[in-house]
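Below is one structure, written out as structure tokens; comments come after it.
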Amino acid sequence: MVQYYLPVGMRYATLEERKEFYLSEFNLHTVFEWFGTNQDKVKFAVIIGRHTKIYPEKYKEDASTTIIIDDYKDLEDVKAQIIEFLPEAVYYDRNVYEENDNKVGQELAFDLDPENITCPIHGTLADKMKREQGLSFCELELEMVKKEAVGLYEFLSTRFSEVRAVYSGRGFHLHVFDKHAYQLNIQERADLAGQIKNSGFHIDEWVTSGEMRLIRLPYSLNGLVSRIALPLTKGELESFDAIHDKQCLPKFLSKRPIF
Ligand SMILES: [Zn+2]
């Protein structure tokens with residue numbers, strides 16, 4: 001496999017580092033504060049080692065599958081299950097369910113990834129795919145995608161009042177928590193996604209249309225780049241520096257030289 005290039009200091013987290021992070025830094029209470037009243041029967045999901053090929057030996061067969069965590073007693077139980085799998089990524093399901101597992105709505109979200117940006121140095125996504133570097137990105141692309149996230153935040157703020165930004169470890173997610181947005185139908189979501197694409201934003205339409213209902217869990221570890229998925233205010237987003245911002249750096253990085 002071709003090693004992919006990433007901004008300085010971004011690298012895969014080891015199993016030991018994932019364990020250290022989820023044991024000592026990860027706080028699900030903070031996650032639920034972020035959710036507010038929008039989610040109370042959240043389904044979580046993990047991917048153990050699909051991209052990194054780093055997984056506990058006993059989960060070799062399941063390393064690339066998406067494992068749903070919806071059977072849990074309490075937050076501690078969720079945390080215990082995450083620590084059992086030591087995943088490269090943790091997600092949550094944007095669908096909102098009733099007691100009987102009936103879907104009653106879906107959070108509206110937007111995903112902006114740096115690899116979709118056409119870079120003056122590394123070219124288009126197609127160029128990167130040809131080199132088997134479809135998940136690669138550089139600091140320049142990160143900065144460009146951040147500017148897009150600020151622009152999209154402003155665009156969304158003209159239509160919605162509860163817009164939340166999250167740095168995902170690679171790019172940025174914008175979540176819309178307005179009650180009425182949960183009730184948009186598939187066509188309305190597709191129309192909105194199309195309109196936003198036509199305005200020049202490089203969003204992933206699968207996420208906005210709802211076909212991809214999982215999204216990275218805020219405050220979890222992105223094990224591909226060793227960064228914490230971090231909620232940001234509009235002001236924080238504008239000046240955000242993913243390479244150096246201490247808030248998105250897991251503690252294990254400071255124990256080892258960054259190269
Ligand atoms: Zn680039």
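The values are calculated or read from the model by the stated rules, or taken from the named source; none is laboratory data. Predicted model, so just to flag it, every value in this text is computed and none were measured. Every residue, glycine as well, gets a Cβ built from its backbone with ideal geometry; the counts of neighbours run over all protein chains shown. Each accessible area value is taken on the protein alone, full model and side chains, heavy atoms only, with ligands, DNA and RNA left out. Shrake-Rupley method; radii C 1.70, N 1.55, O 1.52, S 1.80 Å.
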Item checked: Among the candidates Arg189, Arg164, residue that is under 29 Å from Val46 (Cβ atoms) and assigned to a helix (DSSP H, G or I) -> Arg189
Note to self: Suppose we filter the range 37-66 for residues that are over 20 Å from Phe21 (Cα atoms) and of a type outside the set (Asp, Glu); how many remain?
What the structure shows: 11
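Please indicate, with yes or no, whether at least one residue in the range 243-259 is within 21 Å of Leu6 (Cβ to Cβ), aromatic (Phe, Trp, Tyr), open to solvent by 50 Å² or more (accessible area, probe 1.4 Å) and not in a helix (DSSP H, G or I). Show your work before the answer.
Taking the range 243-259 first, the residues within 21 Å of Leu6 (Cβ to Cβ) are 243-259.
Then drop every residue that is not aromatic (Phe, Trp, Tyr), which leaves 252, 259.
Subset that is open to solvent by 50 Å² or more (accessible area, probe 1.4 Å): 259.
Pick out the ones that are also not in a helix (DSSP H, G or I) and you get 259.
Yes, because at least one residue in the range 243-259 is within 21 Å of Leu6 (Cβ to Cβ), aromatic (Phe, Trp, Tyr), open to solvent by 50 Å² or more (accessible area, probe 1.4 Å) and not in a helix (DSSP H, G or I).
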Notebook entry, point to check: Given the conditions (1) at pLDDT below 95; (2) open to solvent by 20 Å² or more (accessible area, probe 1.4 Å); (3) over 15 Å from the mean Cα position of the chain (by Cα), which single one is not true for His180?
Noted result: (1)
Checklist line | The one condition in (1) over 21 Å from Leu224 (Cα atoms); (2) in contact with a helix residue (DSSP H, G or I) (Cβ under 7 Å, 6 or more places away or on another chain); (3) in a strand (DSSP E or B); (4) not aromatic (Phe, Trp, Tyr) that Val150 fails to fulfil | finding: (3)
Check: Do you know which of the residues in the range 84-135 that are more than 13 Å from the ligand (Cβ to nearest atom) and assigned to a helix (DSSP H, G or I) is farthest from Tyr5 (Cα to Cα)?
Finding: Glu84
Checklist line | Residue that is most open to solvent (accessible area, probe 1.4 Å) [pool: residues in the range 223-242 that are part of a loop (DSSP other than H, G, I, E, B) and touching a residue at least 40 places away in the same chain (Cβ under 8 Å)] | finding: Thr233
Check: Only one of (1) closer than 15 Å to Ala109 by Cβ; (2) open to solvent by 20 Å² or more (accessible area, probe 1.4 Å) is not met by Ala193, so which one is it?
Finding: (2)
Next item on the list: Look through Val46, Val42 and report the one residue that is part of a loop (DSSP other than H, G, I, E, B) and either buried (at least 16 other Cβ atoms within 10 Å of the Cβ) or not β-branched (Val, Ile, Thr) (or both).
Entry: Val42
Next item on the list: Within the range 200-232, track down each residue that is of a type in the set (Val, Ile, Thr) and either more than 28 Å from Glu17 (Cα to Cα) or touching a His at 6+ places or on another chain (Cβ under 7 Å) (or both).
Entry: Ile203, Val207, Thr208, Ile215
